[in-house]
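Reading through the structure tokens given below for one structure.
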Amino acid sequence: MRALFVSAPLPGHLDWGGFLRTAAAWQAAGHTALWVSGEAVAPLVRAEEIPFAALNETGWRWPPPPPLPAPTAPEQRTAWQAARAVRALDQWLDAARVAAAVDELTTLAERFQPDLIVSEMFVAAAGMVAERLGVPFAVAGWPALDNAAASPADPLAAIARQRLERLLARWQLTGQNWTAEGPPALRSPHLHLTYWCATWYRGLALLPQTAHVGGAPPDVLPPLPDLPDPEELPWVLITLGTSFDDDPAFYVAAAKAAHQLGCLPLLVGRSILEQAGGLDLPPVVAVRDSVDFRRVLPYTVAAIHHGGAGIGLHLPPRTVTSARLAAALAALLPDLSEQRHNAEQLRSELTQLGGAAYAAVLLEKTVTG
């Protein structure tokens, strides 16, 4: 069987906990894989011995535009927040970019003749191309959420829905691989693979096509050699991800909190690296535009980040100060902390679910029924 794997051209979008490893497991089971993305991630895919084809346009906007200047008057803040929200939508659902990606990906897929298309959540073109070609579609790294009780669409959701409807009409598509209610999002009627577990999603209404496959930790590499010994100066990872990392106040507050507790603040972000020289950072700090998590996370005692996957404490953005972050870190760091205990339990559950090998089996069943 032949599967086309599609991602945005960023290293983190190859993963989601096991996406790239799933393609490798698919190949190891004797099937044919082809990974499709921007040329920037080609070396990472080929390093796993997975065939790669480059797209000029994936539909994902990268690099992002310069940040919008913060408003100087309170009455301008609402419009500024709305503009930022539209920019976030533009990141993955800009109509012109997605249309170009659909055309290019369709041509490539018609040559490859896949039995299945597998995509992460933020390549809108993948779901449309699967419908155009009449092949099953699967989502990797994200559950299928039940949005039946979703609240009425806010203005941004309405803009997104209009964009989607115009794109679907362009190729006379029904949107079978999209949510019909709530904010538009890719939704496979067949399979959503999460590299987590039922406990992680407790309390969320998930649809039956969601399958939790957990995962195993990646191979650990030696720690970054240009950083202090983590046994002597514990590392605290501080990041806002790859797309929305232009918040120097967050980085400064988090770095000071880590330094106050005798840790090394490891700041990761493209924008923060560019601004680091002009910020009031602690005397001992490391700043990088990106890192290999296999050389960082095994040696990290804690992380301060913007959301997503993690076990720990949540601070609403408006309440974040260096003092509050220091107090949160102080609660996390002890070996017997509740959060560390919860993390160990979650790790145990994840490693028992089968990981990428089981994900490949589920993809086979999606094709064969």
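What follows draws every value from the coordinates through simple rules; no lab data is involved. What you see is a predicted model, and the numbers here were worked out from it, not measured in a lab. Cβ coordinates were reconstructed from backbone atoms using ideal geometry, including for glycine residues, and neighbour counts include every protein chain displayed.
Worth pointing out:
- For chymotrypsin sites (Phe, Trp or Tyr not before Pro), the sites in segment 67-175 that DSSP calls loop and that have at most 14 other Cβ atoms within 10 Å are Trp171.
- For the pair segment 189-215 and segment 84-162, the centres of their Cα atoms are 19 angstrom apart.
- Qualifying chymotrypsin sites (Phe, Trp or Tyr not before Pro) for segment 217-251 [loop in DSSP, other Cβ within 10 Å: at most 16]: Phe244
- Taken about its Cα centre, the chain carries a charge dipole of about 680 debye when Lys and Arg each add +1 at the Cβ and Asp and Glu each add -1 at the Cβ.
- Inter-label distance, nm, simple model (7 Å from Cα along the C-beta direction), Thr107/Ala180: 3.5
- Counting only Cβ charges, +1 for Lys and Arg and -1 for Asp and Glu, the dipole size of segment 235-347 around its Cα centre is about 160 debye.
- Built amide H within the under 5 Å cut-off of Arg288, gap 5+: Leu267, Val268, Gly269
- Cα centroid of segment 326-352 to Cα centroid of segment 227-287, whole Å: 22
- The helix-based estimate of mean residue ellipticity at 222 nm for the chain, built from -39,500 (n - 2.57) per DSSP H run of four or more residues and divided by its residue count, is -11500 deg cm²/dmol to the nearest 500.
- Max mean-square fluctuation residue, GNM over the chain, Cα-Cα springs under 10 Å, options Gln345, Gln91, Gln76: Gln76
- Relative intensity, log₁₀ I(q)/I(0), of segment 235-347 from a Debye sum that treats every alpha carbon as a point, q = 0.10, 0.11, 0.14, 0.23 Å⁻¹: -0.26, -0.32, -0.53, -1.48
- Backbone geometry of segment 273-285 corresponds, through the Karplus equation with coefficients 6.51, -1.76 and 1.60 at θ = phi - 60°, to 3J(HN,Hα) couplings of 4, 5, 9, 4, x, x, 9, 7, 8, x, x, 10, 7 Hz, x marking Gly and Pro.
- The Rg/Rh ratio of segment 41-108, with Rg taken over Cα atoms and Rh as the Kirkwood radius over Cα pairs, comes to 1.18.
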